[in-house]
Amino acid sequence: MSQPVYLTHDIRRIEQAAGNTSPPLMERAGAAAAELAATLLSDKGKDVLVLAGPGNNGGDAKVVSRILQEKFFRVTLADTPSVPPQKNFNLVVDGLFGIGLARPIEGAYAKLIDFVNAQSCPVLALDIPSGLSSDTGQVLGRAVRATHTITFIGMKPGLLMLDGPDHCGEIVVADLGIKPDSPPGSWIAEPGLFRNILKPRPRNFHKGMAGSLAVIGGAPGMEGAALLAGRAALKLGAGRVYVGLLDASLPVDPAAPELMLRHADDVLGEDLNALVVGPGLGQSERAETLVGAALASELPCVLDADALNLIAESEDLRHACARRQVETIVTPHPAEAARLLAENTAAVQADRVKSARMLAENLNAHVVLKGNGSILAARDRHWFINTSGNPGMASAGMGDVLAGLLGALLAQGYTGETALVLGTHLHGAAGDALASSGVGPVGMTATELIDAARSTWNKWL
C-alpha cells in the first residue's frame, strides 16, 4: 500500500490518541534522530551543532544533543537565537521550529537560519526544516535547506510539494512505534496504489475493446495542443482517437496519421467512450458552446486549459459540470484554479490541498492541481500527492499530453479516480525516465514525453 500523508491536525490527533507512552514521544523522536545523526557523522568527524528552538521541536533537539554527547560526539547546543561562534561543524541538527509554525520567521531566528544555510556540512532537520509550512510547503520568511529530514509519525505534505523538495533533502520517516487509530484519507501517488487494478490485454483483443476518445480543441494557431493530446492518447492505447479541431484546415496529422481529424462540431456525433475538451480550444462563443455540449453528454470527460477558463467565467457551465453524474477530471494549473475559485494565484498556492479539495467539491470532479507535488483530489474526498516528475517538464505542451493520457485511461474503462492517480503519476514517471536517460531535464519536450509514457506504461502492465 502507498505511504499515507498527514496534515498537522491529523498528527496532533494521532499524538493525542497515543497518550502517555513509555518512553515518551519526545524521547523516541530524539533517539531516532540521534541514531540517524550518528550515521551521517560516520567517518566525517565529531563536531555537531544542535539548534534547539522554544517548542517541542526544541525538546526533540535537546534529546538528540544528550544522546550524541553520551556517544562521545562534541556537541554545541544552541538554544537561543544568537548565531554560534564560527567553527567547522561536521553536522548541524535543525530543531528550531516544527510543524506548528504558523508565522514568518524574522529577526534573530532568520539570521540563525541564514547561518545554517551557509554551512558546507550536512544539515539534519527534525520533523520538517525550520521555516517550511508542514501543510503547504511554503517558506515562511526563511527556511533551512536541509540535506536530510527525519520526519516523525508520518509523512507531511509540505515536504513533498511547492518549496518543500528544495529544502528537505533526503527524507526518512520514523513512525516512533505509533499506529494511527483510523485509516488515512491521503497518500503519496505511486504504483503500489494501482498495481492490482491494471488491465493487461488478453491475446483475444481488438481495438474496439480499447475504447474511442475524442479530443476537442485546436483553435486557429493552437492546433498543436489538440494534436499533442490526441497523440498521447493514441500511444497510451486508446483504440480510436478523433481530434475535433476548431481550425479544420488540417486534413491529416503527418506525425500521427492514425488520428482521425474532424470538425469540432461533428466529433460528438461519433461513437465515443470518453472526451478530452480544452487543449488549444480558445475562448470564443463557439468554444463555449462545445464545452456546454460536452458537459451535457453522458461521456466521461477530461476538462483542460481553455475549457476551465470558460467554466470559470460562466455560472451555467459551472452548474452543468457540478450536475454531471459521470466521471469528470479537471486539470488546472494554479492560475486556472484561482479563476475557478474566484481567488488569486497566491491564495491557491498558500494552501494547495485545500484549493484542490474545494475544486473537487464545487465542480463534482476529480482534480489534479498541477505543480511541484501535484495535488490529486478525488470526488470521494480522498486526496493524493504526486511526487514523480522534474523541472524539465515545465515546458510547452506538457499539460496537453497529460490530458491525453487521462482521456486514454477513461476511454479504456478505468474509473475517474484511478485515471487521475495513475495518469498523473505516469506522466511524471515518463519525465523522470527521460531525464535519467539523458534527455533533459533542460530542453525536454512534450513530444518526447509521449513515447516515454508509452514505454513506462507497458513496463507497468
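Taking the solvent-accessible surface of protein heavy atoms with a 1.4 Å probe, what is the per residue accessible area of the stretch 213-255 in Å²?
Normalised by residue count, the accessible surface of the stretch 213-255 is 31 Å².
Based on DSSP, what percent of beta bridges with both residues in the chain are antiparallel, to the nearest 5?
Around 15 percent antiparallel, to the nearest 5.
Using the charge dipole of the stretch 339-460 (Lys, Arg: +1 at Cβ; Asp, Glu: -1 at Cβ; taken about the Cα centre), state which of Ala435, Ala360, Leu449 has its Cα farthest towards the positive end.
Value computed over the given set: Ala360.
Hey, what do the phi angles of the stretch 185-195 turn into as Karplus ³J(HN,Hα) couplings, whole Hz, using 6.51/-1.76/1.60 and θ = phi - 60°, x for Gly and Pro?
x, 8, 8, 7, 6, 7, x, x, 5, 10, 4
Go through Ala18, Ala255, Ser134 and say which Cα lies farthest out towards the positive end of the charge dipole of the chain; charges sit on Cβ, +1 for Lys and Arg, -1 for Asp and Glu.
Ala18
How far is helix 398-411 tilted, in degrees, relative to the longest principal axis of the Cα atoms in the chain, given as a value from 0 to 90 rounded to the nearest 10?
With both axes taken from Cα atoms, the answer is about 70 degrees.
For the stretch 1-103, with only Lys/Arg (+1) and Asp/Glu (-1) charged at the beta-carbon, what is the dipole magnitude about the Cα centre, in debye rounded to 20?
Here the stretch 1-103 has a charge dipole of around 140 debye.
Give me the one-decimal nm value for the distance between modelled label points at Arg13 and Thr345, 7 Å along each residue's Cα-to-Cβ direction.
3.4
Each residue of the stretch 147-164 in order: what ³J(HN,Hα) in whole Hz does its phi give by Karplus 6.51 cos²θ - 1.76 cosθ + 1.60, θ = phi - 60°, with x for Gly and Pro?
With coefficients 6.51, -1.76 and 1.60, one gets 8, 9, 10, 9, 9, 9, 6, x, 5, 10, x, x, 6, 10, 9, 6, 7, x Hz.
Find me the longest stretch of the chain that has none of the exposed GluC sites (Glu not before Pro), where exposed means in a DSSP loop (not H, G, I, E or B) with at most 16 other Cβ atoms within 10 Å.
In short, 107-257.
If amide hydrogens are placed 1.01 Å from N in the peptide plane, which non-local residues have theirs closer than 5 Å to the one on Asp175?
Ile153
Counting pairs of alpha carbon atoms under 8 Å apart in space and at least six apart in sequence, what relative contact order in percent does the chain give?
12 percent.
Counting only heavy atoms of the protein chains, get the accessible area per residue of the stretch 109-166 (1.4 Å probe) and round it to a whole Å² value.
27
Using all C-alpha to C-alpha distances in the stretch 260-307, build P(r) with 5 Å bins and read off the rounded percent in each one.
5, 21, 36, 28, 10, 1
Compute the helix-to-body angle for 352-363: its Cα long axis versus the longest principal axis of the chain, expressed 0 to 90° and rounded to tens.
The angle comes out at about 30 degrees.
Taking amide H positions as placed 1.01 Å from N in the peptide plane, with prolines and chain starts having none, which residues 5 or more places from Gly141, or on another chain, fall under 5 Å of its amide H?
Ile105
To the nearest 20 debye, what is the magnitude of the charge dipole of the stretch 203-300 about its Cα centre, counting +1 on the Cβ of each Lys and Arg and -1 on the Cβ of each Asp and Glu?
500
Per 20 Å bin from zero, what fraction in whole % of the C-alpha pairs of the chain is there, up to the bin with the longest pair?
All Cα pairs considered, the percentages come to 25, 47, 24, 4.
Please report, in debye to the nearest 20, how large the charge dipole of the stretch 108-234 is about its Cα centre when each Lys and Arg carries +1 at its beta carbon and each Asp and Glu carries -1 there.
Taking the Cα centre of the stretch 108-234 as origin, the dipole is about 700 debye.
Give the distance, in whole Å, between the Cα centre of the stretch 371-409 and the Cα centre of the stretch 71-102.
Centre-to-centre (Cα) distance: 38 Å.
Picking from Gly230, Ala33, Thr418, whose Cα lies most toward the positive end of the charge dipole for the chain (charges on Cβ: Lys, Arg +1; Asp, Glu -1)?
Positive-end residue among those listed: Ala33.
Using a 1.4 Å probe on the protein chains only, how many percent of the accessible area of the stretch 237-339 belongs to carbon and sulfur?
47
I'd like the Karplus ³J(HN,Hα) series for the stretch 17-23: coefficients 6.51, -1.76, 1.60, θ = phi - 60°, whole numbers in Hz, and an x wherever there's a Gly or Pro.
5, 5, x, 7, 9, 10, x
The values are calculated or read from the model by the stated rules, or taken from the named source; none is laboratory data. Computed from a predicted model, the values in this text were never measured in an experiment. Cβ atoms come from the backbone with ideal geometry, glycine included; neighbour counts cover every protein chain shown. Heads up: the accessible areas ignore ligands, DNA and RNA and are worked out on the full protein's heavy atoms, side chains in. Shrake-Rupley method; radii C 1.70, N 1.55, O 1.52, S 1.80 Å.
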